[in-house]
Amino acid sequence: MKVIYLAYRDWAMPVYETVAKHPKVSECLLCKTHKELLDINLSEFDLIVSCGWSEELGEDITSKIEAIGVHCAELDRYSYGTPIQLQIIDGITRTKHRVFSFTYDKDSKRAHTHNRLYSHEVDLDLSGNMTDILEQMTVTSKVLFNRYLDDYPNIQWKTWDAEDIVRPKRKPEDSCLTKEQFIKMDTEQLYNFFRCLEYPYPNGYIEDEKGKLYIKNVSYKRKDIKK
């Protein structure tokens, strides 16, 4: 089978080789931008594998070729963008990493995961710094795509439960904490806020009338945990 691999994030690039080396894959074309994708003759390929892709593919793409991606959340409320940051801020330390069906629905507010279909899943630990989490994203993406390709084309699709709760996608300006917000948060909440905004994301900062204090990296030790 011939595959188009969509990726541009640093953590997603090492996954390309895993997909390209799969026994069922005869050709794997790396594509890093939506413009590059639009220039490809999709009829010559069987599948799009996206990894960390943030743009909608659009109906022009999804109507012509099957597409999949990976989604790092278990609950439907985190299907609208920035799922890692939102889950960490909400205090979640254990979640799922899933292969999802990449579709297009103009009436859906979800980001890519419009039909809520997924095929394979593994556990994902959100308790570390962003470096730790993104390393896991790389490894688990390799596992998930290998499992998907192993089973292809006999994929068993499941549907995750819908929720009325929506956690809207975070914006760069949400990285700001005022002094008033800061003093209302406990140390664990502050840790979660700043660690989910470590590189490569817009760093969290505290702002007052004098300027902005950026917090690029954090560590935390709970008082009730002894080593």
**Item:** D (Stokes-Einstein, µm²/s), Kirkwood Cα radius, the stretch 172-215, 1.306 mPa s at 10 °C
**Value:** 150 µm²/s
**Item:** Taking the C-alpha atoms of the stretch 48-180, convex hull volume expressed per residue in Å³
**Value:** 121 Å³
**Fill in**
Violations at 19 Å Cα threshold for listed pairs K2/K32; K179/K212; K171/K221 -> K171/K221
**Prompt:** Under 5 Å between amide H atoms, partner at least 5 residues away or on a different chain: which partners does W160 have, H built in plane at 1.01 Å?
**Reply:** Y118
**Asked** Got a sec to turn the phi values of the stretch 194-208 into Karplus ³J(HN,Hα) couplings, 6.51 cos²θ - 1.76 cosθ + 1.60 with θ = phi - 60°, whole Hz, x for Gly and Pro?
**Response** 7, 6, 6, 10, 6, 3, x, 8, x, 4, x, 8, 9, 10, 9
**Bridge type composition, the chain - antiparallel percent by DSSP, nearest 5** = 50 percent
**Complete:** Residue by residue through the stretch 104-117, the couplings from Karplus 6.51 cos²θ - 1.76 cosθ + 1.60 with θ = phi - 60°, in Hz, x for Gly and Pro, are 10, 8, 5, 8, 9, 8, 5, 8, 6, 8, 4, 8, 6, 8
**Item:** Residues whose placed amide H lies under 5 Å from that of L30, excluding near-sequence neighbours
**Value:** Y5
**Request:** Between E188 and T159, take the C-beta separation as r, use R0 = 41 Å, and let me know the FRET efficiency to the nearest 0.05.
**Result:** 0.75
**Prompt:** What ranking do 127-135, 70-78, 214-222, 43-51 get when scored by the average of other Cβ atoms within 10 Å per residue, highest first?
**Reply:** 70-78, 43-51, 127-135, 214-222
**Helix-only mean residue ellipticity at 222 nm for the chain, each DSSP H run of n ≥ 4 adding -39500 (n - 2.57), per residue, nearest 500** = -7000 deg cm²/dmol
**Message:** Test of understanding: express the Cα radius of gyration of the chain as a ratio to 2.2 N^0.38 Å, with N the residue count.
**Reply:** 1.10
**Request:** Please determine, in degrees from 0 to 90 and to the nearest 10, the orientation of helix 130-151 with respect to the longest principal axis defined by the Cα atoms of the chain, where the helix direction is its Cα long axis.
**Result:** 20 degrees
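None of the figures in this text is laboratory data; all of them are computed from the coordinates on show. Being a predicted model, the structure only gives us computed values, none of them experimental. Counting neighbours? That spans all protein chains shown, and the Cβs are built from the backbone with ideal geometry, glycine included.
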